[in-house]
1. Multiplying the sequence separation of Asp53 and Leu34 by 0.36 nm and subtracting their Cα-Cα distance, what value in nm do you get?
2. Please identify which residues in segment 23-37 have an amide N closer than 17 Å to a label point set 7 Å out from the Cα of Gln15, following the Cα→Cβ vector.
3. Under a GNM of the chain (C-alpha, springs under 10 Å), which listed residue has the highest mean-square fluctuation: Arg52, Arg79, Arg70?
4. Using the crude model of +1 on Lys and Arg Cβ and -1 on Asp and Glu Cβ, and no other charge, please compute the dipole size for the chain relative to its Cα centre, in debye to 20.
5. What full-extension length gain, to one decimal in nm, is calculated for Ala63 and Glu41 as 0.36 nm per residue of separation minus the Cα-Cα distance?
6. Round to the nearest 10 and give me the degree value, 0 to 90, for the angle of helix 52-79's Cα axis relative to the longest principal axis of the chain.
7. Dividing the convex hull volume of the alpha carbon atoms of the chain by its residue count, what do you get in Å³ per residue?
8. Express the relative contact order of segment 3-88 as a whole percentage, based on alpha carbon pairs under 8 Å and six or more residues apart in sequence.
Amino acid sequence: MDWRKRISTDPNICQGQACISGTRVMVSVILDNLAAGVPVEEILQSYPALTRDDVEAATSYAAELDHQWRRSYQRIAARHRESFKKLAE
């Protein structure tokens, strides 16, 4: 799933938060619902503009953000490993 085809950001829509393209449904709302255990069918009923592919795109987007954060953290940790060791002493 290429989430880039379904998710967009626009500073004039939802204060620039990631939304499903063509809607004002924020990705964070979809993810919060999924985290709360709300079934996909119920999310789709609550937000009729959404499709199952939109929900899948939201989870793909979140997974990619997590991977990017982990890579960034690993690069920072590698750069500052010696500093961290000195602090631990």
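None of the figures in this text is laboratory data; all of them are computed from the coordinates on show. Fair warning: this is a prediction, and the values are worked out from it, not measured in the lab. A quick note on method: Cβ atoms are made from the backbone with ideal geometry, for glycine too, and the neighbour counts reach across all protein chains shown.
1. Numbers: separation 19, 0.36 × 19 = 6.84 nm, distance 1.42 nm.
Using 0.36 nm per residue and subtracting the Cα-Cα distance, I get 5.4 nm.
2. Backbone N within reach: 24-30, 32.
3. Judging by the Gaussian network model, the answer is Arg79.
4. Working: 12 positive and 12 negative charges, 132 e Å.
Roughly 640 debye, rounded to the nearest 20.
5. Numbers: separation 22, 0.36 × 22 = 7.92 nm, distance 2.12 nm.
Contour length minus the Cα-Cα distance gives 5.8 nm.
6. The angle comes out at about 10 degrees.
7. Numbers: hull volume 11.5 nm³, N = 89.
It comes to 129 Å³ per residue, whole-number rounded.
8. Numbers: 58 pairs, mean separation 19.1, N = 86.
It comes to 22 percent, rounded to a whole number.
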